[in-house]
1. Can you name every residue in the range 89-100 that is part of a helix (DSSP H, G or I) and loosely packed, with under 13 Cβ neighbours inside 10 Å?
2. Working only within the range 10-46, note down all residues that are surrounded by 14 or more Cβ atoms within 10 Å (Cβ to Cβ), farther than 18 Å from Ala120 by Cα and modelled with pLDDT under 95.
3. Report yes if Pro46 is over 13 Å from the mean Cα position of the chain (by Cα) and either in contact (Cβ under 8 Å) with a residue 24 or more places away in the chain or not in a loop (DSSP other than H, G, I, E, B) (or both), otherwise no.
4. For a quick check of your reading of the model, give me the residue pairs whose first member lies in the range 57-68 and is over 8 Å from Ala81 (Cβ atoms), whose second is of a type in the set (Ser, Thr, Tyr) and outside any loop (DSSP other than H, G, I, E, B), with beta-carbon atoms closer than 8 Å and at least 6 apart or on different chains.
5. Only one of these is of a type in the set (A, V, I, L, M, F, W, C), surrounded by fewer than 18 Cβ atoms within 10 Å (Cβ to Cβ) and modelled with pLDDT of 95 or more: Ile115, Ile86, Ile106, Ile77. Name it.
6. Of (1) touching a residue at least 40 places away in the same chain (Cβ under 8 Å); (2) among the aliphatic types (A, V, I, L, M); (3) under 16 Å from Leu127 (Cβ atoms), Met92 satisfies all except one. Which?
7. Given (1) more than 22 Å from Thr2 (Cβ to Cβ); (2) small (Gly, Ala, Ser); (3) in contact with a Gly (Cβ under 9 Å, 6 or more places away or on another chain), identify the lone condition not met by Ser43.
8. Can Gly40 be described as under 19 Å from the mean Cα position of the chain (by Cα) and of a type in the set (Gly, Ala, Ser)?
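The values are calculated or read from the model by the stated rules, or taken from the named source; none is laboratory data. Note that the structure is a prediction, hence the values are computed from the model and not measured. Virtual Cβ from ideal backbone geometry, glycine too; neighbours counted across all protein chains shown.
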Amino acid sequence: MTDSQALATRIAARIVGPILLLAGAVVIARMDDIVLIVPGILSDGPLAFVTGMFTLICGVTLFVFHHHWKGLPAIVISLLAVTTIIRGVLLMFAPSIIAGLAHAAITGAGPALIIAGLIALLIGAWLTFVGWFAKPTAAV
């Protein structure tokens, strides 16, 4: 990884890490509200479309800025960019797929949201550490 790629990974981790950390914490802390909010957003066609558009913009922006695949932090950030792009496209073109997945997570398995929140929180904490506190590694 070049110095510029390592810097891009650190900057992306500084942005994505705290967002994921907070999103995971919100899902865990406000699970009762999340189970009402998500279906409300997905049942409103125009709102789901606009949400998909902004999600797509965020994913494409992250991928354009960071599409490196060497080193675990870089891979995680690039995978998050790709999954965000896919989520945005699905929200715009096939919101019923996202609604079905959300419905299954909300009603099917009670701990699914808590597990998802914990995963987001842990990945966010790790990326926050990588971006803000870990010593920069030398370019290979």
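1. The answer is Phe93, Ser96, Ile97, Gly100.
2. Matches in the range 10-46: Pro39, Ile41, Leu42.
3. In short, yes.
4. Cys58/Thr84; His68/Thr9; His68/Ser78
5. Ile86
6. If we test Met92 against (1) touching a residue at least 40 places away in the same chain (Cβ under 8 Å); (2) among the aliphatic types (A, V, I, L, M); (3) under 16 Å from Leu127 (Cβ atoms), just (3) comes out false.
7. Ser43 satisfies all of (1) more than 22 Å from Thr2 (Cβ to Cβ); (2) small (Gly, Ala, Ser); (3) in contact with a Gly (Cβ under 9 Å, 6 or more places away or on another chain) except (3).
8. no
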